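The values are calculated or read from the model by the stated rules, or taken from the named source; none is laboratory data. These numbers come from a predicted model, not from an experiment. So basically every Cβ, Gly included, is an ideal-geometry build from the backbone, and we count neighbours across all protein chains shown.
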Amino acid sequence: MSVKDKLFIFDTTLRDGEQSPGASMTRDEKVRIAKALERMRVDVIEAGFPIASPGDFEAVQAVAAAVKESTVCGLSRALDKDIDRAGEALKPAARSRIHTFIATSPIHMQMKLRMTPDEVVEQAIRAVKRARQYTDDVEFSAEDAGRSELDFLCRVIEAAIDAGATTINIPDTVGYNIPQQFGETIRQLIERVPNSDKAVFSVHCHNDLGLAVANSLAGVLNGARQIECTINGLGERAGNTALEEVVMAVRTRQDVFACDTTIDTTQIVSTSRLVSTITGFPVQPNKAIVGANAFAHESGIHQDGVLKHRETYEIMRAEDVGWTANRIVLGKHSGRNAFRTRLKELGIEFASEAELNESFEKFKVLADKKHEIFDEDIQALVSTASTVEPEYVRLVSLHVCSETGETPLARVVLLIDGHEQAAECEGGGPVDATFKCIEKLLESGANLQLYSVNNITSGTDAQGEVTVRLEKAGRIVNGQGADTDIVIASAKAYINALNRVLLPESRQHPQLGDV
């Protein structure tokens, strides 16, 4: 596929997606998602903002070392210290890109940067040239391009390409544009910038008006050949362009688009679930492509049509994006090899044999509770396995009593730093009583910001997946837990979050960093 025919996919789940309040990820979680994106054959993985914090630097460095096929990118402002930090973090990468940006809209230049247009152009040139000292793959972004003056955009883009930028990104940073307008902007930039043929034009659209995907596709129709997007449309405010939607729109409508991606679309659903579990942001059932109802038909007319000929009501095959009806029916006597084989088929890999053994033991416990184990159960089981080593707190036992007319009571036994401690508390419900017991023992002082429950599969014996979001001193963390008993799943999730809160090394959420 030639560059003209190929649409590059630039995934920024690990950077822009992480800027959703509460979506902060650990280094190991970022590596797991990066490997899933690499299996999907994403072209560029933006791993983070290295200057934001030591934790973000280490995460970018770890992703750069782990990913071999995709290009790994680090974000930097158009400042020497940012660029140097990004260059250092990307040293282990087989393929690296530095993505540097500066604002170009009048409101940003005047109110935020306090810089003249001439100073902005000079800074952009300096930044691109400095980034070229670390890599030949440099991307320049004109922040808030969607509200920038076209003549000035042409000027700064021409200068950036002359300085060595190989990708030019046009962001609709605040989601202000509409498709016809944004597409026309891309068309004019490519036509008016004299050296536009020396760079790939990219679009990065936010979803404030619900138009991120539409704007991105309008950009492609007018010559853009890279889309910046995130899994599940994750991102700050209303989110970013959803990778799964733009990829399948282009793939499905080849009669309209003169290009295509090289994405392995069968990896979409499993990657969506992984990101949802790690970040604690559930996917709504009617979400396009990856929602539970995306390929469901309830209307009798629709069901009849699909049974007669699938394409009457389905424009895509569910299997093409990774939906499957496969299940494994294994019991507590099943061997590790069968378990390992099914995990491999699902694209799940373990860093060590110890992690496999831990997940296998949890699988056997689950097999005692459920007659049928679905792929979704296995993915949840693996995704909610603890990534905090060593665990400071572990659930030993939980007893709850809840009956009509009586105040719910919980008794919790925890293993805290190697010592068992117990507490008994009343609460407004069994979950409330359980959380009060845990807090009584740990006195963490964390504030509960989110408590969310989602069923993993159907049926009364389905596992419940619980997400808990805690905040303490500006640090926001998520915890996950899954079990056929919702109260136990809730306790696991709360403890999982507290293990992160109680880690000695604190990492602020990117939005709170002083960068």
### Message
Please pick out the residue among GLU149, GLU122, GLU158 that is touching a residue at least 40 places away in the same chain (Cβ under 8 Å), farther than 27 Å from ALA59 by Cβ and either buried (at least 22 other Cβ atoms within 10 Å of the Cβ) or out of contact with any Gly (no Cβ under 6 Å at 6 or more places or on another chain) (or both).
### Response
GLU149
### Task
Might you let me know whether the stretch 258-265 holds any residue that is in a helix (DSSP H, G or I), closer than 12 Å to VAL321 by Cβ and touching a residue at least 12 places away in the same chain (Cβ under 8 Å)?
yes
### Task
Return a yes/no flag: does the stretch 12-31 have any residue that is out of contact with any Pro (no Cβ under 9 Å at 6 or more places or on another chain), buried (at least 22 other Cβ atoms within 10 Å of the Cβ), among the charged types (D, E, K, R) and outside the structural domain of GLY474 (by TED's automatic domain parsing).
yes
### Task
Sort out for me the strands (runs of 3 or more DSSP E) sitting completely within the stretch 445-491 that have 3 or more residues that are surrounded by fewer than 19 Cβ atoms within 10 Å (Cβ to Cβ).
447-455
### Query
Taking the stretch 84-116 only, how many residues are more than 29 Å from THR262 (Cβ to Cβ), surrounded by 16 or more Cβ atoms within 10 Å (Cβ to Cβ) and in contact with a Ser or Thr (Cβ under 9 Å, 6 or more places away or on another chain)?
8
### Filter result for the condition that a residue is of a type in the set (S, T, N, Q), assigned by TED's automatic domain parsing to the domain that holds LEU470 and in a helix (DSSP H, G or I), over THR434, THR404
THR434
### Message
Condition (residue is touching a strand residue (DSSP E or B) at 6+ places or on another chain (Cβ under 6 Å), assigned by TED's automatic domain parsing to the domain that holds TYR176, touching a residue at least 60 places away in the same chain (Cβ under 8 Å) and not in a helix (DSSP H, G or I)) applied to the stretch 240-248: is it met by at least one residue?
### Response
yes
